[in-house]
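For reference, the structure discussed in these notes is given below.
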Amino acid sequence: MTDSSRRLSVPAHAFNDCYLDCLTAPQRHQLYFGGAGSGKSAFVAARCMLDALCGRSTLVVRQVARTLRFSCYNEISKAITRFGAQEHFRMNRTEMSITCLRSGAQILFAGLDDVEKVKSITPENGVLTDIWVEEATETGQSDIQQLEKRLRGLSRHTKRLTMTFNPVSRGHWIYQRFFGAFADDRTKLVTPDLLILRTTYRHNRFLTADDRRAMEAESDRYFRQVYTLGQWGEMGDAILTRVKTEDLSALFKTADVLRCGLDFGFAKDPCAAVLAHYDRARKRIYILKEFSAHSLTNDLLADRLRAFAPGVPVTCDSSEPKSIAELRRLGVPAYPARKGPDSVLHGIQWLMQHELIVDTRCTQTIRELTQYRWRRDARGNALPIPETGDDHLIDALRYALEGDRLAAYAAAQRR
Ligand SMILES: Nc1ncnc2c1ncn2[C@@H]1O[C@H](COP(=O)(O)OP(=O)(O)O)[C@@H](O)[C@H]1O
Ligand SMILES: [Mg+2]
């Protein structure tokens, strides 16, 4: 690795072989994707550190700021220790910045949920030359486009946008934008502007035997495909296949028929809310806003909801009558969902009859909707039961539209 003033030597054995060529790859867009535990994040983290020694400044982003400290910041800090380069760096964990004392370059961190910070963050010296988007499938296309605008300004270094991610679904915008020339059996694509590298746990010699066994033992078809084999997730089992993303800011200003739903959660699961516009005539549901948060007490939740959906009745998960009463006392027009037998399945079937158009900023909802799948039995047959877990915003959406669904059933019965 060279720098105009001095040479640094990097021991090749500190890297997994498949990544060595990528240390100095110049492509503007670089996509490191594949299975879990394939060393993607560890590689890009180590490269950020080496880049800083060579005078390149990187902005590391993830959708949610809170998650950066425990992922990318730690990974880079581990790489600095692994290379014994502590004396060359000043770490500021509170401000989340890492400064290279040799070159003055910096590694900075921002969550896309902190829009102002992302817009304004700049290194103390020079310009940003690199952006690393970790878990890039969490991020919407418009956010990435905004980010790319940050890669401007004069620098002797080429500018690069690097993304790391698992191939969660072929319906994802990243697949549609970048993978036209990348056949499923390929592991690498190199053009002047684009580098794509697919890796799996097999490429990572730093894993323990236990790690490997766990990856190989994965029995769920989808998880095996995406996280063990690093192949794009198939939509075959997808429940909601008519999901589109659009910039809905204009609609947001004029939409009249607004629905809000809330799924309670606290420690393990987040509480989640969506604001939707229902177009009954066209059978379209527009998802305008989302939020999900952990550890919100009911008074804080009430504050969030009042700002989130002013004056809109909120249909809530009925399992927490006490919370609903508290929200009402705090001025939120909260009502329990009626649920009833088979309401989950009916709610999903009703959603399936609609086109779902999601604002590009609602990245968590997009993820949940596109990954929502039917469960399979031991023989691999699809069951009429959705996989649960990553479905809090979908639950909120079902609650939001429960009144419309029940009204439609009642009308159908009168006919
Ligand atoms: N070059 C490396 N040196 C040391 N450990 C590594 C290296 N590459 C990967 N690892 C370890 O392997 C594990 C999985 O790597 P990670 O980068 O998190 O995978 P991915 O991001 O592909 O899911 C981590 O515990 C990481 O520390
Ligand atoms: Mg990773």
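Readers should treat all values here as calculations from the given coordinates under stated rules, not as data from a laboratory. What you see is a predicted model, and the numbers here were worked out from it, not measured in a lab. Every residue, glycine as well, gets a Cβ built from its backbone with ideal geometry; the counts of neighbours run over all protein chains shown.
Let me know the shape class of the chain, please: from the alpha-carbon gyration tensor, a ≥ b ≥ c as square roots of the eigenvalues, rounded when a/c is under 1.5, otherwise prolate if a/b is greater than b/c, or oblate. Provide the component values of the computation, followed by the final result.
Values: a/c = 2.17, a/b = 1.68, b/c = 1.29.
Prolate is the answer for the chain, as a/c is 1.5 or above and a/b outweighs b/c.
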Problem - Crossing angle, helix 402-414 versus the chain [Cα axis fit, 0-90 degrees, rounded to tens] - result: 40
Exercise for the section: Express as a percent, rounded to the nearest 5, the fraction of DSSP beta bridges in the chain (both residues included) that run antiparallel. Expected result: 45
Handout entry: Charge dipole (the range 12-228, unit charges on Cβ, about Cα centre) - positive-most of THR67, CYS54, LEU161
Key = CYS54
Handout entry: the range 12-228 - share of DSSP beta bridges that are antiparallel (%, nearest 5)
Key = 30
Practice task
May I ask for the angle, rounded to the nearest 10°, between helix 343-352 and the longest principal axis of the chain, with both axes built from Cα atoms and the value confined to 0 to 90°?
Solution key: 70
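Between HIS294 and HIS157, take the C-beta separation as r, use R0 = 41 Å, and let me know the FRET efficiency to the nearest 0.05.
Numbers: r = 38 Å, r/R0 = 0.94.
Computed FRET efficiency for HIS294 and HIS157 comes out at 0.60.
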Problem - Added length on full extension, which subtracts the Cα-Cα distance from 0.36 nm per residue, ARG306 to GLN413 - result: 34.9 nm
Exercise for the section: Grab the DSSP H runs of the chain that are 4 residues or longer, score each as -39,500 (n - 2.57), total them, divide by all residues and round the 222 nm result to the nearest 500 deg cm²/dmol. Expected result: -8000 deg cm²/dmol
Problem - Between helix 298-308 and the chain: long-axis angle, C-alpha atoms, 0 to 90°, nearest 10 - result: 90
Handout entry: Contour minus Cα-Cα distance for ILE385 and ALA14 (0.36 nm per residue)
Key = 129.0 nm
Exercise for the section: Report P(r) for the range 255-328: all Cα-Cα distances, bin width 5 Å, range 0 to the bin holding the largest distance, values in whole percent. Expected result: 3, 16, 28, 24, 14, 9, 4, 1
Exercise for the section: Give, rounded to the nearest 20 debye, the magnitude of the charge dipole that the range 12-228 has about its Cα centre when Lys and Arg contribute +1 at Cβ and Asp and Glu contribute -1 at Cβ. Expected result: 340
Handout entry: Spread of Cα-to-Cα distances over 10 Å intervals beginning at zero, given as percent, for the range 243-408
Key = 10, 41, 36, 11, 2, 0
Completion exercise
Simple spin-label estimate for GLU124/LYS322, 7 Å along Cα→Cβ, in nm, reads 5.1
Problem - Spin-label model distance (nm) - PHE206 vs MET352, 7 Å beyond Cα toward Cβ - result: 4.4
Problem - Cα centre as origin, Lys/Arg/Asp/Glu Cβ charges: the range 320-361 dipole, Debye - result: 260
Problem - Segment ALA183-ALA255, length gained on full extension (0.36 nm per residue, minus Cα span) - result: 21.8 nm
Handout entry: Pair ARG69, ARG375: separation of 7 Å Cα→Cβ label points (nm)
Key = 3.6
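Given +1 on the Cβ of Lys and Arg, -1 on the Cβ of Asp and Glu, and no further charges, what dipole in debye does the chain carry about its Cα centre, rounded to the nearest 20? Please list the in-between numbers first.
On the way: 60 positive and 50 negative charges, 112 e Å.
That gives the chain a dipole magnitude of about 540 debye.
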